[in-house]
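Trainee: Starting off with a structure, shown below.
The values are calculated or read from the model by the stated rules, or taken from the named source; none is laboratory data. As the structure is a prediction and not an experimental result, all values here were calculated from the model. Here the Cβ is made from the backbone with ideal geometry for all residues, glycine too, and neighbour counts use every protein chain on show. In case anyone asks, the SASA skips ligands and DNA or RNA and just uses the protein heavy atoms, side chains included. Shrake-Rupley method; radii C 1.70, N 1.55, O 1.52, S 1.80 Å.
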Amino acid sequence: DAVETQEHYKSRWRSVWIMYLTMFLSSVGFSIVIMSVWPYLQKIDPTADASFLGWIIASYSIGQMVASPLFGLWSNYRPRREPLVVSTAISVAANCLYAYVHVPHSHNKYYMLTARALVGFGAGNVAVVRSYIAGATSLTERTSAMANTSACQAVGFILGPVFQTCFTLIGEEGVTWKLIRLQLNMYTAPVLFGALLGVINIILIFAIFREHRVDDMGRQCKSINFEGEENGVLDQDEEGNVDHVAVVAINFLFFVILFVFAVFETIATPLTMDMYSWTRKEAVFYNGIILSVVGIESVVVFMVVKTLSKKTGERAILHGGLLIVLVGFFILLPWGKKLPNIQWQEIKNNSIPRTASTEMLMPFWSLQAMQLPSNHTVEPMGCPVTQAWCLHTPMIYLAQYISSDVLIGLGYPVCNVMSYTLYSKILGPKPQGVYMGWLTASGSGARILGPVFVSQIYTHLGPRWAFSLICGVVVVSLLLLEIVYKRLIAFSVRYGRMQE
């Protein structure tokens, strides 16, 4: 068994830090334009309606869901630098395309859809990142490394909207370079900044990133991903089969965790506008602050969970995280007798027809945006009378909402980190690219279905049904966790090579 040298150790962790950066940039690519997509879409293509916006929001996750297993498979048989550089280059090109979607004379909305789908496709490299970190860390290092990875992802989601806010100072008109037909404004500057970060990331991958692999005990191993090595140079610890029951169970649990959080993010704006009569601007501003605080809370949790898991183990913490999420959504159930303020304005002369098909993919902030008739200058506030449940469902008090945000912001990061950590340990020393690709695809699918769930169940049946169903799904997840609890152990422990 090769003993790891100090130089090898330093090089290994430098490469892991490059993976942290890649994960950070991947999440920034999603969140840096999320607040400005709707006004930019309206500006470049007046024919785009709310339902098309839903497709644009979903296209990122669809692209990532398709790409994750492909990049994961690629990374199993070739040096990981290849899929990392190609995926990042795709994201850079897609961001540049987004900056030029105003140029064509027609069908601009389809160019924007393509750009966001390609950014998501490039973000499929998170499967490569996770699989590399799983292979380049020992079991004792794994939880900490996975927590750091998730923290970088969370910080990216937090800072993306912050960057967007800073770029609003440029204004809608900004500066135009006629020679290259580039408009630098509050809509295009964020994606061009994202493209610049991507180029820096590619340079660092070439300059610093190296292939490293250690076994569960931290011993240096040969890797099939080394350039110049023959495929199939594996060590004896790879003998044995992966527990596929445990693998499927973690995929399901991860899907539920991401689905629940997607619902939580998606429902924030319509819920607060309905319950507290907030305007669109107030809802975006206040929820932006709340989600930023939740994001900071999540980063703190990622750091704490690294220490806590050494004392209690990953399975117990995952169980506790799911319980906290369950309590968070249970608190959101409407109680009492006070009804929300009702929005009575007549809905007519609307330019967008409100049909089942348009509501299917209607994003969160546009649920109320469509309530404003074109012949009114004052934005109607309160729970729209078109949502029949507003007339009989008690309001959710602000204290309930804030308490729920705090609890979900505590439970979600715990579940996220423990899912990835347990999954990587269950898979063991075999190449994990494809498996990590499927796990990432599960999360992407959840982020697609979450907004659809909200637009259907919440809009038509109300918060009582929506949150009761979520609670039911989390209870099923807890039961599944109990059933497979004893199987969620590390590959090396399962085959008696290490003590748990």
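Trainee: Please report the equivalent ellipsoid semi-axes of the stretch 151-218, computed as sqrt(5 x eigenvalue) of the Cα gyration tensor, largest first, in whole Å.
Mentor: Result for the stretch 151-218: semi-axes of 35, 17, 6 Å.
Trainee: Right, here's the next one. Of all accessible surface on the chain at a 1.4 Å probe, what whole percent is carbon and sulfur?
Mentor: Looking at the chain in its full context, I get 67 percent from C and S.
Trainee: Just list whichever of Lys310/Lys430; Lys306/Lys430; Lys10/Lys430; Lys281/Lys338; Lys43/Lys281 have alpha carbons separated by over 21 Å in the model shown.
Mentor: In this structure, Lys310/Lys430; Lys306/Lys430; Lys10/Lys430; Lys281/Lys338 exceed 21 Å between Cα atoms.
Trainee: Determine by what factor the alpha-carbon radius of gyration of the stretch 1-222 differs from 2.2 N^0.38 Å, reporting the quotient.
Mentor: 1.12
Trainee: For the chain, can you list the cysteines whose C-beta has no other cysteine C-beta under 4.7 Å from it?
Mentor: Cys96, Cys152, Cys166, Cys221, Cys415, Cys471
Trainee: Would you mind listing how long the stretch 24-85 runs along its three principal axes, going by Cα atoms, in whole Å with the largest first?
Mentor: 46, 20, 14
Trainee: Ok, one more. Pulled fully out, how much extra length does the chain show between Thr5 and Tyr485, if you take 0.36 nm times their separation in residues and subtract their Cα-Cα distance?
Mentor: Length difference between fully extended and current span is 169.1 nm.
Trainee: Search the structure for amide H atoms under 5 Å from the amide H of Leu182, placed 1.01 Å from N in the peptide plane, and list their residues when 5 or more places away or on another chain.
Mentor: Result for Leu182 returns Trp177.
Trainee: Can you work out the accessible area per residue across the stretch 1-105, with the rest of the protein chains kept in place, probe 1.4 Å, in square angstrom?
Mentor: Averaged over the residues of the stretch 1-105, the accessible area is 39 Å².
Trainee: Continuing with the same structure: For every helix of n ≥ 4 consecutive DSSP H residues, a contribution of -39,500 (n - 2.57) applies; sum these over the chain, divide by its total residues, and give [θ] at 222 nm rounded to the nearest 500 deg cm²/dmol.
Mentor: Roughly -22000 deg cm²/dmol at 222 nm, from the helical runs in the chain.
Trainee: For Ala89 and Ala388, what is the calculated FRET efficiency with R₀ set at 51 Å and r taken between the beta-carbons, to the nearest 0.05?
Mentor: Given R0 = 51 Å and the Cβ-Cβ separation, E is 0.55.
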